[in-house]
1. In percent, what relative contact order does the chain have, based on Cα pairs under 8 Å that are 6 or more apart in sequence?
2. Looking at the chain as a GNM with Cα springs under 10 Å, which of 88, 222, 269 has the largest mean-square fluctuation?
3. For segment 30-155, take the alpha-carbon Rg, divide it by the Kirkwood Rh, and send me Rg/Rh.
4. Could you order 29, 336, 307 so the one with the most accessible surface comes first? Probe is 1.4 Å.
5. Under a straight-distance cross-link criterion of Cα-Cα below 17 Å, which lysines are reachable from residue 156, leaving out those fewer than 8 residues away in the same chain?
6. For segment 30-155, what does the relative contact order come out to in percent, with C-alpha contacts under 8 Å and a separation of six or more?
7. To the nearest 20 debye, what charge dipole does segment 168-289 have about its Cα centre, counting +1 at the Cβ of each Lys and Arg and -1 at the Cβ of each Asp and Glu?
8. Give me the extension gain from residue 208 to residue 159: residue separation times 0.36 nm, minus the current Cα-Cα distance, reported in nm with one decimal.
Amino acid sequence: MFENKDNSNTSISNLGEFGLIDHLTKNFKIKQKSTVKGIGDDAAVISADSEKEIVVTTDLLLEGVHFDLSYVPLKHLGYKAVIVNLSDVYAMNAEPTQITVSIAVSNRFPVEALEELYAGITAAAKIYNVDVVGGDTTSSTTGLIISITAIGTVNKGEAIYRSGAKENDLLVVTGDLGAAYMGLQVLEREKEVYKVNPNSQPDLEPYSYLVERQLKPEARKDISGLLKELDVKPTSMIDISDGLSSEIIHICKNSKAGCNLFEDKIPLDPQVISTCEEFNLDSTTIALSGGEDYELLFTIKTEDYPKIKANPHLTVIGHMTDQREGIHLISRGGTKIPLIARGWNALKEDE
Ligand code: ADP
Ligand code: MG
């Protein structure tokens, strides 16, 4: 979403590739000690610390596949593109330190639109204390493409993998689930209404939390510190980008374990519950398969339960079992339903 407010937009061709890069990147300030050289040479230089390990993760976002510019403001898109990557860094128990940003744009985007995108990237980099140390800029004949790579560090031996969960470990999730997906449903509906009546004024207030979770998600930068404070070291961890069920399956497969997930324990915001009713959707299915929640899912030893049980950020939703027991959702009624990566059909059939 980009409005050409007073028809004063600047064509990218006015600046040229190098002028554009310079224009978009001139305000990035270096904050991290480890950034020796940021933007402006053939490669960034990051100092290596012998006490630490480095994590690297990357994501690719395509217009029309991962975002729809008819309702996503470019500033939010830039912000979210960074968050998606930082969430993966936190899921390794690491601290993000640098990112690179690569974009492919068509001439349909004026310079001002890219300024908006970079305003979002700049805001996220500031809040999460990461340096933007490079990237690439090229033209696209189709839509907008954004690829961000994040670099982070973790003390040697403290990275948390998907593979460490053991039988009887408790399965814990941060925050609540399903809101980002319901936010998308609300925005899609408003888009359809707008097509029919461009003068309609959408009232998004009852869905404010959902829309915020979809358009301006945050990554759980607080959890690593919180767990240290509580003296809990997860045995495995993953971030919830594709929906709870596929992330549970990842942990189970990588850890060679099974799992029982309890439907009545899944944390849902009241807006998710009421909006699911309005859209005639099953809230459990949405939490299982909706995705884009960017919460963390991890396992802890049973003896650590007293340390986390009163914490408002953390909910125990299940426990790990022997691999031969399989991966199941225990419904409110007590029925055992096999969990599949897209929980949708399995649930529908059993009801
Ligand atoms: P090269 O010819 O080595 O690819 P470029 O001219 O593409 O160099 O880039 C010059 C500098 O600007 C490099 O430091 C590069 O990492 C950085 N850069 C290029 N595009 C972007 C971008 N979209 N966002 C941030 N940094 C960028
Ligand atoms: Mg280049």
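The values are calculated or read from the model by the stated rules, or taken from the named source; none is laboratory data. Please read all numbers here as calculations on a predicted model, not as lab measurements. Positions of Cβ are backbone-derived with ideal geometry, glycine not excepted, and every protein chain shown enters the neighbour counts. The accessibility values were calculated without ligands, DNA or RNA, using every heavy atom of the protein model including side chains. Shrake-Rupley method; radii C 1.70, N 1.55, O 1.52, S 1.80 Å.
1. 20 percent
2. Largest GNM mean-square fluctuation: 222.
3. Rounded to two decimals, Rg over Rh is 0.98.
4. Greatest to least solvent exposure: 29, 336, 307.
5. 52, 228, 233
6. After rounding, I find 42 percent.
7. Around 500 debye, computed over segment 168-289.
8. That pair, residue 208 and residue 159, stretches by 14.1 nm at full extension.
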